[in-house]
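The values are calculated or read from the model by the stated rules, or taken from the named source; none is laboratory data. Being a predicted model, the structure only gives us computed values, none of them experimental. Surface accessibility is based on the protein's heavy atoms, side chains included, excluding ligands, DNA and RNA. Shrake-Rupley method; radii C 1.70, N 1.55, O 1.52, S 1.80 Å.
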Amino acid sequence: MARAPALVLALAAAGAFLISYNFFAMLFRGGGDGGIGAAASAGTRDPVVAMPAWMREAADTEARRRPFHVALTATDAPYSRWQCRVMYFWYKRMQARPGGEAMGGFTRVLHSGKPDGLMDEIPTFVVDPLPAGKDHGYVVLNRPWAFVQWLQKARIEEEYILMAEPDHIFVKPLPNLAHDDDPAAFPFFYITPSEHEKIIRKYYAKERGPVTDIDPIGNSPVIIKKTLLEKIAPTWMNVSIQMKEDEETDKIFGWVLEMYAYAVASALHGVQHILRRDFMIQPPFDTKLGNTFIIHFTYGCDYSLKGELTYGKVGEWRFDKRSFPDRPPPRNLTLPPPGVPESVVTLVKMVNEASANLPRWDDGI
C-alpha cells in the first residue's frame, strides 16, 4: 500500500516530463501545427503559430477578448471607393457572426485631403496627402504618412490595430492573431530582404543585426499593438521616402518599395512579426480557401472556358480589379466556368453579394 502513492507520483512526474519535452521540442522544431514555415527556418520567434493545438485554442479564446481596430487607407478615386464598399460590407457581416468578437471599430483613413461620397456609409477619417510631387507618382507612398496623421489625431479605443487594404475581403471572422508585443503578419513570397542585402544595408546598417531580422512582409495585413505602430509609423514614412528618392532602391523594389520600408522600419525598432500564412490567400495562385481569413484580390484571374488558367493572357473569362478603374463592376458578374478553383469562385460570389446589397452601386458613389 505504501508503494502505490510513490508509483502514482513517479508516473505523474514522467507524464509531466514528456508533456514538457514534447512541447519544447515542437516549439523549437516549428511544430506540426502549420503556418510557421519561413519563420522557423529564419530563426525568428513565433510564439503563437508553434503552439500545440490545445494551447492555440486557449489563445484563440483570449484573442476574442482583445479587439482590434481596422484601419483601411484609401483615396477618393472610383477605383478605390468600390473596393472599400465591398471590403466594409463583408467586414460588418463577419463582425456580426460568432467568432467576430475581436473585430472592433473600423476607419477608412482617406488620404485625399477632403471628404467624399462615402462619408455616411463608411466611418472615415480624412488626412492630408503628401505635399505635391513628394510621392513621385507613387500613390502608395501616402499610406505611411496617412497612418502617422491618423495615429496622432484620432481617438482609437482598441489596443490593437489591423492595417488592411481596399482589395481585402473577409471570408470568415478574424480573431486577434497578435500575441502581446508580437504583431501578426502575412509573409509575401516576393518580399525577400536576404536577396537584396546591398540595398537593405543602406537603411539597416550591419551593426543593427543580420538581414534576416527583417521580416518578409508588408504593412498589410498586420495586426499590431497601437503603441508599437505609433513608434514604427514615422520611421516607416521616412524610410519609404528615402527609398523612393534613391534611384537604385526605387528601381529594384518598384511597386513593393513601401512594403520593404515597413519591414525595415519594424526591424529598426526591434519588432518581429508572427508569420501567419493562413492570414490570407491570393487568387488565382492560391486555389483553396482552407482556413484563411481574407481573400486578397490583387491579381487578375484569367481562364479559358475550359477552366484553365491563362495568367499573363486575357482569358475568355476574367475578373481583374484593374478592369474597373473609373466605375464599379456590374452587378451579378458572370460566374467562372466549371473547373475554376474555389478561391476565384468564392471571390466573384462575394463581390456579387456585396453589389446586390449596396445602395446606388451602379452610381459609383
Listed by chain and number, the residues whose amide H is under 5 Å from that of Met280, excluding neighbours fewer than 5 places away on the same chain and using placed H, are Phe293, Ile294
A student applying the Cα gyration tensor rule (rounded when a/c is under 1.5; otherwise prolate if a/b is larger than b/c, oblate if not) would label region 230-286 oblate
To the nearest Å², the heavy-atom accessible area per residue of region 280-363 with 1.4 Å probe amounts to 51 Å²
Links exceeding 32 Å between C-alpha atoms in this model, out of Lys114/Lys226; Lys153/Lys206; Lys202/Lys231; Lys251/Lys288, come to Lys153/Lys206; Lys251/Lys288
Along principal axes, largest first, the alpha-carbon spread of region 66-275 in whole Å comes out as 47, 39, 29
Correct semi-axes for region 205-343, from √(5λ) of the alpha-carbon gyration tensor and rounded to whole Å with the largest first, are 35, 18, 14
Partner aspartates and glutamates whose C-alpha sits under 14 Å from that of Lys321, ignoring same-chain residues fewer than 8 away, are Glu165, Asp167, Asp302
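Please compute the Kirkwood hydrodynamic radius over region 139-232, one decimal place, Å, based on all pairs of different Cα atoms. Intermediate results must be reported in sequence, preceding the final value.
Working: mean 1/r = 0.0658 Å⁻¹.
Every distinct Cα pair counted, the radius reaches 15.2 Å.
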Taking max minus min of the Cα coordinates of region 280-363 on each principal axis, largest first, gives extents in Å of 34, 30, 21
